[in-house]
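Taking it in order: structure first as C-alpha cells, then the write-up.
Read the figures in this text as sums done on the coordinates, not as results from a lab. Fair warning: this is a prediction, and the values are worked out from it, not measured in the lab. We place every Cβ from the backbone using ideal geometry, glycine too, and count neighbours over all the protein chains shown.
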Amino acid sequence: MSAATALPAYEHCRRVARASGSSFYAGMRLLGRERRAALFAIYALARRIDDVADGPLPAAEKLRLLEEVRTELTRIDDSSDPVLVAVADAARRFPIPIAAFGELVDGAEADVRGTEYRTFAELERYCVCVAGSIGRLALGVFECSDRVAGTALADDLGVALQLGNILRDLSEDLPAGRVYLPSEDLDRFGVTVVNGRFEGPAELVVAFEAQRALERLRRGLGLVPLLDRRSATSVLAMTGAYRRLLERIAADPAATLRARPALRRWEKGVVLARSLLGAAA
C-alpha cells in the first residue's frame with residue numbers, strides 16, 4: 001500500500017484521537033509527522049477496544065465484539081477498515097509489536113467479566129495487559145537506543161498509569177461494583193467493601209497504592225534517556241499529567257474517595273511546558 005493510499009486512514013485516526021479528549025493527544029502531537037500518525041493509529045485501535053469494554057452493550061455482546069477484533073488482527077494486512085489500514089501501514093514502517101493488541105483485548109475481556117484481583121501480582125498482570133501493551137506499542141514508534149531495556153520500562157510506565165486510572169476512578173467504579181484494588185491490600189489495612197462502599201480506613205489503601213504507582217512511574221521514566229529528543233518530550237508530556245494527579249491523590253487520598261480528581265487546564269499547560277524543558281535538559 002502506498003503512503004498516499006493510507007493518508008485518509010491516518011487522518012481518520014487523527015480525528016479519533018482528537019475527539020477523544022485524551023490528555024495524551026497533546027503529547028502525541030509533539031512527534032514528527034510519520035511517528036505522530038503512527039501513534040494516532042495505535043491510539044485509535046486501542047480506543048476502539050476500550051470503548052467496547054466500557055460501553056453499554058450486554059457482556060456477551062461485548063465479548064463477541066472483542067473476539068471479532070482479535071480475529072481482525074490476524075488478517076490486518078487485508079483489512080479495509082481505516083483504523084486497521086493505518087495500524088498495518090504503521091507496522092510496516094516501524095517495529096510495532098502488533099501482538100500487544102491481543103494483550104489489550106485480554107485486559108478488556110477481564111473488565112467485561114468483572115475480574116477482581118486477590119494479589120498485587122494479579123493486578124499488575126492486568127495493568128501490563130491494558131496499559132503496558134500500549135507502552136510497548138508506542139515504543140515501537142519511538143526511536144530507542146535499547147529496545148530490550150525499553151520494553152521493560154514501557155511496561156513499568158503502563159502499570160503506573162493504569163494504577164493512576166484505577167485510583168482516579170474509585171468514586172465512580174466502587175458504586176458500580178467494580179473493585180480493582182487487590183484484596184490483600186484491603187485486608188492489610190482492615191478495609192472491606194459493603195454495598196458499593198468502603199468500610200474502614202480506605203484512605204490508607206489509596207495512599208499506599210498512590211505511592212506504589214509513583215515509585216513505578218519513577219522507574220519507568222528511565223525510558224526517557226533511551227529515546228530521541230522528540231520521543232522523550234512526548235513521553236514526558238503523556239506521563240506528566242498522571243504524575244501530578246498521583247501526587248495529588250497521595251497528598252489527599254480521602255478527597256479521591258469523595259470525587260474523581262481532575263487537573264485544571266492551566267495545570268495541563270504547566271505539565272506540557274515542563275515536558276519540553278525536561279527533554280531539553
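Just name one of 165, 140, 80: the one whose Cα is farthest towards the positive end of the charge dipole of the chain (beta-carbon charges, Lys/Arg +1, Asp/Glu -1).
Farthest towards the positive end: 140.
Which order do the peptides 162-174, 5-17 take when ranked by the mean count of other beta-carbon atoms within 10 Å per residue, highest first? Write down the numbers at each step before the final one.
Working: 162-174: 20.3, 5-17: 18.5.
Descending packing order for the listed peptides: 162-174, 5-17.
If you place +1 on the Cβ of every Lys and Arg and -1 on the Cβ of every Asp and Glu, how big does the dipole about the Cα centre of region 11-72 come out, in debye to the nearest 20?
Numbers: 12 positive and 9 negative charges, 89 e Å.
The calculated dipole for region 11-72 is roughly 420 debye.
Under 8 Å for C-alpha pairs, at least 6 residues apart: give me the relative contact order for the chain, rounded to a whole percent. Intermediate values should be presented prior to the final figure.
Working: 389 pairs, mean separation 53.8, N = 281.
Relative contact order here is 19 percent.
State to the nearest 20 debye the size of the charge dipole of region 68-223 about its Cα centre, where the only charges are +1 on K and R beta carbons and -1 on D and E beta carbons. Write down the numbers at each step before the final one.
Values: 17 positive and 27 negative charges, 71 e Å.
Rounded to the nearest 20 debye, it is 340 debye.
More than 23 angstrom separation, counting every C-alpha pair in region 1-125; what % is that? Walk me through the numbers on the way to the answer.
On the way: 2778 of 7750 pairs.
Counting pairs separated by more than 23 Å, the tail of P(r) holds 36 percent.
Please give the contour-minus-distance gain from residue 74 to residue 34: 0.36 nm per residue of separation, less the Cα-Cα distance, rounded to one decimal in nm. Don't jump to the answer; show the numbers that get you there.
On the way: separation 40, 0.36 × 40 = 14.40 nm, distance 2.41 nm.
Between residue 74 and residue 34, full extension yields an extra 12.0 nm.
Where nothing but the Cβ of Lys and Arg (+1) and of Asp and Glu (-1) is charged, how large is the charge dipole of the chain around its Cα centre, in debye to the nearest 20? The partial results should precede the final answer.
Details: 39 positive and 38 negative charges, 262 e Å.
Approximately 1260 debye in magnitude.
Name all residues of region 44-71 having a backbone nitrogen under 16 Å from the label point set 7 Å from the Cα of residue 22 along its Cα→Cβ direction, giving them as ranges.
Within reach of a label on residue 22, which here means backbone N under 16 Å from a point 7 Å along Cα→Cβ, region 44-71 contributes 44-55.
Taking a label point 7 Å from the Cα of residue 116 along the Cα→Cβ vector, which residues of region 160-189 have an amide N closer than 20 Å to it?
So the set is 163, 166-189.
What net charge do the residues around residue 12 carry, taking every other residue with its C-beta under 14 Å from that of residue 12, with Lys and Arg at +1 and Asp and Glu at -1? Let's see the in-between values first.
Details: positive: 14, 15, 18, 47, 48; negative: 11, 81, 89.
With Lys, Arg at +1 and Asp, Glu at -1, the neighbours total +2.
Compute the distance in nm between two label points, each set 7 Å from the Cα along the Cα-to-Cβ direction, one at residue 176 and one at residue 230.
Reported label-point gap for residue 176 and residue 230 is 3.7 nm.
Could you calculate the contour length gain from residue 194 to residue 60, that is, 0.36 nm times the residue separation minus the distance between their Cα atoms, to one decimal place in nm? The partial results should precede the final answer.
Details: separation 134, 0.36 × 134 = 48.24 nm, distance 2.71 nm.
Value of the extension gain: 45.5 nm.
Do you know the relative contact order of region 1-127, to the nearest whole percent, from alpha carbon pairs under 8 angstrom that are 6+ apart? Write down the numbers at each step before the final one.
Numbers: 100 pairs, mean separation 37.8, N = 127.
Relative contact order for region 1-127 comes out at 30 percent.
Would you be so kind as to identify which of 217, 241, 254 lies farthest towards the positive end of the dipole of region 195-265, taking Lys and Arg as +1 and Asp and Glu as -1 on Cβ and the Cα centre as origin?
The listed residue farthest towards the positive side: 241.
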